[in-house]
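The structure under discussion appears below in the form of structure tokens.
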Amino acid sequence: MAVLTESRKASLRRELEAIVGAGAVLADPDELLVYESDGLTLLRALADFVVFPVSAEQVSALVRLANRESLPFVARGAGTGLSGGCLPAEGGLVISLMRMNRVLEVDYDNQLAVVEPGLVNLHLSWTVGARGYYYAPDPSSQQACTLGGNIANNSGGPHTLKYGVTTNHVLGLEVVLPDGEIVWLGGRTRARAGYDLVGVFVGSEGTFGIATKIVVRLLRKPPAVKTVLAVFDAIDHASAAVSAIIARGLVPAAVEMIDQLTIQAVEDAFGCGYPRDAAAALLVELDGLPFGMEAQAARIVQACRDAGAREVRTARDEAERQLLWKGRKSAFGAYGRISPAYMVMDGVIPRTKLPYVLRRVNEIVAAHGLRVGNVFHAGDGNLHPNILYDPRRPGEEARVVAAGAAIMRLCAEVGGSISGEHGIGLEKSDFMPLIFSAADLALMQRLKRAFNPTGLCNPGKIFPTSKSCAEVGPVASRPHAIEEKGLAQRF
Amino acid sequence: MAHAVQEQTRAAAGPLALHGLSVEGVNQCVHCGLCLASCPTFAELGTEMDSPRGRIFLIKSLAEGRIALGEATARHLELCLDCRACETVCPAGVPYGRLIEAAKAEIERQRPGGAGRRLFRWLNFGVLLTSPRRLALAAAGLRAYQASGLARLVRRSGLARRLSGTLAAWEALLPPLPRRAERAPLPALIPAEGARRARVALLSGCVQSVVFGAHNRATARVLARQGAEVVVPAGQGCCGALNAHGGDHARALELARRTIETFEAARADAVVVNTSGCGAHMKAYGHLLADDPAWAARARRFAASVVDVAEFLAREPLRGPLTPVAMTVTYHDPCHVVHGQKIRSEPRRLLAQIPGLRVVELAESDWCCGSAGLYNLTQPEMATRLRERKVGHVLATGAEAVVTANPGCILQIQAGLAARGAAARVFHLVELLDRAYPAATP
Ligand SMILES: Cc1cc2nc3c(=O)[nH]c(=O)nc-3n(C[C@H](O)[C@H](O)[C@H](O)COP(=O)(O)OP(=O)(O)OC[C@H]3O[C@@H](n4cnc5c(N)ncnc54)[C@H](O)[C@@H]3O)c2cc1C
Ligand code: SF4
Ligand code: SF4
């Protein structure tokens, strides 16, 4: 990583402006500072430039210039990511897609839309909502995050339980490859010949190129929806209810858990109707045809009661349902009511281990002298412990990182994973050896090199590197096969 | 080092302030980004320095001493509409309005700008807005000027643009001024009709009383019909909202004290306001004067008595009988009603009671129209972009008229419709309610 001299910076700036226009290049250090983090403020990195292209051709020209100059580059959507994925870990260009946010085409007959990557997730559902359609993947950040970011992180959401993650809803992509070439992956139908390159690209966290057009599936809105709120006096009972619901063969659209600390923050924020004194609550949603829904809902209510729920009720109307969801989806932000900062973990565990893992998580965080709030996709076993801290207190950030590492190790130990949907990014790259063997990682590296041979496209992410080890903080203590092979080092 | 990750140690804990004004609220922002897509300037520009999260970050960095107040930072903070849409969506409860006011005051202190800008501010904040009499005088002059046909000439010749700052700006802002009769002050007391339900004091506003005397009359009539005895305290002036939003903190304090004094003397149950910026600001007097021991308690009491006219009227069903108003309308939420005072359902509930009226929802109804106090004078380019966006949505509804509840929005949307040659009209909510009363009282 080279530090640019002032004269080289000035000439680069002129070249960038020639591509995207004078109003579309940021180089003032104060302005660049605003781009130093995404939704995870624990990590920071400064770009040399932030640029705002409006077309695939401009993106391609930017990428070619970056290649010529050996300048690293990284795509950025709304910057709501939670793993530092869009940070310019080695400086260079941040390519913001926020000025490419149009819905280019909606084909209702074939139930698909062609959109630009900077389009906000929820805005797509708004656009097609009047005609009775929607875009199913619904990350809790959907009011702000972009489809480009969703593609890169293969984002999920509460309704992932029934509808799957982003990759299940993407048909085709126009991509500017890391060398600047513009290609189409997939197309407008599900039938594909050759390798499933859409499947490869989705979830590649911006390391395989920059998506400039996205073809997504649209679904018809379900004709009936029922939302059940179950209230518990013990977290263990709530965990047991999750297992009971699934064990009875019920397939809700969503099963979300929210604990007491989080309920209190959310109630302070919007007064959504969660009882403040509950140890935990489950938000369970059924959708589909009205036929048989009552019976299913009754079985869910029964499963919750059997598990020890003190109260189970159904949202009376759409307004109450919306309010409950607003609470759930605002939960991370609502921690601002009770703490100046938080770090979200994203572990995945087998559902049956839920009671044990939640207990251990609470113990681990307490042992580090910190507080934790839990709000997560319980149906998927996708945990989100939110470690609350105050960055102004000396030493707290280090303790957060240490507690986070212990939680990731815990998830790996019980046979789970270190990330469900937020991506590995910069934050979790050092923990990859916890869940992948040296051979796994080597294969992934080979795949990365096929797309991104120079490594200039979003460097420093996903794979454990000596650099990120030193900077990100404590890493797993157990030596891993990958190190013995010399594929990665730890300090 | 330029690209280091997590190498920076923060300043030790301690309340953050900009020249004595607290911005400790920045620490409530957890950087989640949920507010981004709700911010009109971010939606237009896509640059994070022009988003709520980015502006909060800039204010925080200023207060922590990480950056100095450079030209770019000042520009991004000044481009903020102070529409407070971000406050409505922010789950963390960041008190954004207070933060940006403190930041704007800091800009004024550190970067007062050139002579033109200082003249503009002095004329607006120091002369016109502090005294309704002076504003009325200026208005009379303006009216003569408009009537003489000179106005059209000036506009056409581009002279308006060359006239220094303020006058040109006011010239573009003001609609044809009403005749003298409309500008005459309201009677000091308007008795309640039917069973008396409350005694309320009406804020007749500064710009408002001059330009929109008709709204005040309609407000008083509607309030009286709803059983309120209406007092219009003499000697009231500007509430100081424009000063506070414009960074003129000292004069804002002075105007607040004066307003409290004037209205306390009226001994009313409530202070009714029909201009959103004023209402939201007066409701925040408690915070504004919190550090002034002689005034803090008084200011809190006063603030608690302030109500928006829609909020007050919606507390009881409209007293019939009402005559039908056969019209299709749409409702635009003024920022400082919907975001500043969280009043969203009340105006819609009132409209729904008017027989014959069809109300269609407006896309992005709670987005700023670009008027934003003096914003369309200071940031004409962004103001026009947002105006065009608003008018586009209005035309898409096919409504014959837009109903809203704030003079600034009315002027702005009217100007936008006129620019497109559209026939749709713009009303204040109280005008429509007033129409629904058969053969209205005086
Ligand atoms: C409050 C909150 C709630 C959240 N809830 C969820 C949730 O329920 N489920 C979930 O999965 N995530 C969730 N997230 C995480 C985050 O919102 C998602 O990862 C989202 O997809 C990021 O989108 P973005 O536009 O903000 O992308 P960014 O943060 O800007 O970038 C994320 C990654 O995408 C890459 N990228 C961006 N655009 C492109 C492009 N056009 N082409 C290639 N790569 C690109 C970037 O390089 C980076 O690696 C939440 C975050 C917050 C703050
Ligand atoms: S929503 Fe609130 S907490 Fe989140 S980034 Fe915006 S201002 Fe900060
Ligand atoms: S007040 Fe309005 S313009 Fe300013 S940051 Fe908030 S949403 Fe954006």
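The values are calculated or read from the model by the stated rules, or taken from the named source; none is laboratory data. Keep in mind it's a predicted model, so treat the numbers as computed, not measured. Cβ placement follows ideal geometry from the backbone for every residue including glycine, while neighbour counts extend to all protein chains displayed. Protein only, heavy atoms only, side chains kept; ligands, DNA and RNA dropped before computing areas. Shrake-Rupley method; radii C 1.70, N 1.55, O 1.52, S 1.80 Å.
What do you reckon, is residue A:446 over 27 Å from residue A:357 (Cβ atoms), away from ligand 2 (no atom under 16 Å from the Cβ) and within 14 Å of chain B (Cβ to nearest Cβ)?
Numbers: over 27 Å from residue A:357 (Cβ atoms): yes; away from ligand 2 (no atom under 16 Å from the Cβ): yes; within 14 Å of chain B (Cβ to nearest Cβ): no.
No.
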* Structure fact -> residue A:63 passes all but one of the listed conditions (1) within 19 Å of residue A:209 (Cβ to Cβ); (2) buried (at least 24 other Cβ atoms within 10 Å of the Cβ); (3) within 14 Å of another protein chain (Cβ to nearest Cβ); the exception is number (3)
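Could you tell me which of the residues A:144, A:152, A:78 is under 17 Å from residue A:47 (Cβ atoms), crowded, with 24+ Cβ neighbours inside 10 Å, in contact with a Ser or Thr (Cβ under 8 Å, 6 or more places away or on another chain) and aliphatic (A, V, I, L, M)?
Values: A:144 fails: under 17 Å from residue A:47 (Cβ atoms); A:152 fails: under 17 Å from residue A:47 (Cβ atoms).
It is A:78.
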* Structure fact -> Screening B:337, B:360 for residues that are away from ligand 3 (no atom under 16 Å from the Cβ) and either crowded, with 23+ Cβ neighbours inside 10 Å or within 14 Å of chain A (Cβ to nearest Cβ) (or both) leaves only B:360
* To do: For the range A:255-271, state whether one or more residues are farther than 14 Å from residue A:232 by Cβ and assigned to a loop (DSSP other than H, G, I, E, B).
  => yes
* Breaking point among (1) touching a residue at least 40 places away in the same chain (Cβ under 8 Å); (2) in the same structural domain as residue B:228 (by TED's automatic domain parsing); (3) surrounded by fewer than 23 Cβ atoms within 10 Å (Cβ to Cβ), for residue B:318 -> (2)
* Asked: What tally of residues in the range B:34-63 results from selecting those that are of a type outside the set (A, V, I, L, M, F, W, C), near ligand 3 (Cβ under 10 Å from one of its atoms) and within 26 Å of residue B:17 (Cα to Cα)?
  -> 7
* Structure fact -> Selection from the range A:66-93 of residues more than 9 Å from every other protein chain (Cβ to nearest Cβ) and acidic (Asp, Glu) yields A:69
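Only one residue in A:276, A:192, A:220, A:248 is of a type outside the set (A, V, I, L, M, F, W, C) and surrounded by 15 or more Cβ atoms within 10 Å (Cβ to Cβ), so which one is that?
On the way: A:276 fails: surrounded by 15 or more Cβ atoms within 10 Å (Cβ to Cβ); A:220 fails: surrounded by 15 or more Cβ atoms within 10 Å (Cβ to Cβ); A:248 fails: surrounded by 15 or more Cβ atoms within 10 Å (Cβ to Cβ).
Result of the check over A:276, A:192, A:220, A:248: A:192.
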* Say we look at the range B:292-311 and pick out the residues that are within 17 Å of the chain's Cα centre (by Cα) and among the acidic types (Asp, Glu); which of these is least open to solvent (accessible area, probe 1.4 Å)? -> B:308
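Determine whether residue A:459 is of a type outside the set (Val, Ile, Thr) and either at pLDDT below 75 or over 12 Å from residue A:89 (Cβ atoms) (or both). Before the answer, list the steps.
Numbers: of a type outside the set (Val, Ile, Thr): yes; either at pLDDT below 75 or over 12 Å from residue A:89 (Cβ atoms) (or both): no.
So residue A:459 fails the test.
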* Asked: Do we find a residue being among the hydrophobic types (A, V, I, L, M, F, W, C), in a helix (DSSP H, G or I) and within 14 Å of another protein chain (Cβ to nearest Cβ) anywhere in the range A:300-323?
  -> yes
* Structure fact -> Scanning the range B:1-28 for residues that are at pLDDT 85 or above and open to solvent by 40 Å² or more (accessible area, probe 1.4 Å), the one farthest from the other protein chains (Cβ to nearest Cβ) turns out to be B:21
* All but one of (1) more than 14 Å from every other protein chain (Cβ to nearest Cβ); (2) more than 23 Å from the chain's Cα centre (by Cα); (3) buried (at least 22 other Cβ atoms within 10 Å of the Cβ) hold for residue A:109; which doesn't? -> (3)
* Structure fact -> Result of the Cβ filter at 9 Å on the range B:22-44, keeping first residues that are touching a residue at least 12 places away in the same chain (Cβ under 8 Å) and at positive phi and partners that are of a type in the set (Ser, Thr, Tyr) and within 13 Å of ligand 2 (Cβ to nearest atom), at least 6 apart or interchain, is B:31/A:37; B:31/A:41; B:33/A:80; B:33/A:141; B:33/B:51
* To do: Taking residue A:338 as meeting all but one of (1) within 16 Å of ligand 1 (Cβ to nearest atom); (2) buried (at least 20 other Cβ atoms within 10 Å of the Cβ), write down the number of the exception.
  => (2)
* Among the candidates A:307, A:265, A:297, single out the residue that is under 23 Å from residue A:384 (Cβ atoms), over 29 Å from the mean Cα position of the chain (by Cα) and not β-branched (Val, Ile, Thr). => A:307
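Conditions tested, residue by residue: (1) under 26 Å from residue B:94 (Cβ atoms); (2) within 14 Å of another protein chain (Cβ to nearest Cβ).
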| residue | (1), (2) |
| --- | --- |
| A:337 | yes, yes |
| A:340 | yes, yes |
| A:355 | no, no |
| A:364 | no, no |
| A:374 | yes, no |
| A:380 | no, no |
| A:383 | no, no |
* Answer with yes or no whether residue B:57 is surrounded by 19 or more Cβ atoms within 10 Å (Cβ to Cβ), free of Cβ contacts under 8 Å to residues at least 24 places away in the same chain and under 29 Å from residue A:329 (Cβ atoms). => no
* Qualifying positions in the range B:29-46 - among the β-branched types (Val, Ile, Thr) and either closer than 18 Å to residue B:82 by Cβ or more than 7 Å from chain A (Cβ to nearest Cβ) (or both) -> B:41
* Asked: Among A:282, A:229, which is the only one that is more than 14 Å from chain B (Cβ to nearest Cβ), farther than 24 Å from residue A:154 by Cβ and under 24 Å from the mean Cα position of the chain (by Cα)?
  -> A:282
* Asked: Restricting attention to the range A:350-403, which residues are β-branched (Val, Ile, Thr) and open to solvent by less than 10 Å² (accessible area, probe 1.4 Å)?
  -> A:357, A:361, A:365, A:375, A:387, A:400
* In this structure, is residue A:420 open to solvent by 10 Å² or more (accessible area, probe 1.4 Å), in a loop (DSSP other than H, G, I, E, B) and touching a residue at least 60 places away in the same chain (Cβ under 8 Å)? -> yes
* Asked: In this structure, does residue A:211 turn out to be open to solvent by less than 20 Å² (accessible area, probe 1.4 Å), assigned to a strand (DSSP E or B), in contact with a Phe, Trp or Tyr (Cβ under 8 Å, 6 or more places away or on another chain) and assigned by TED's automatic domain parsing to the domain that holds residue A:126?
  -> yes
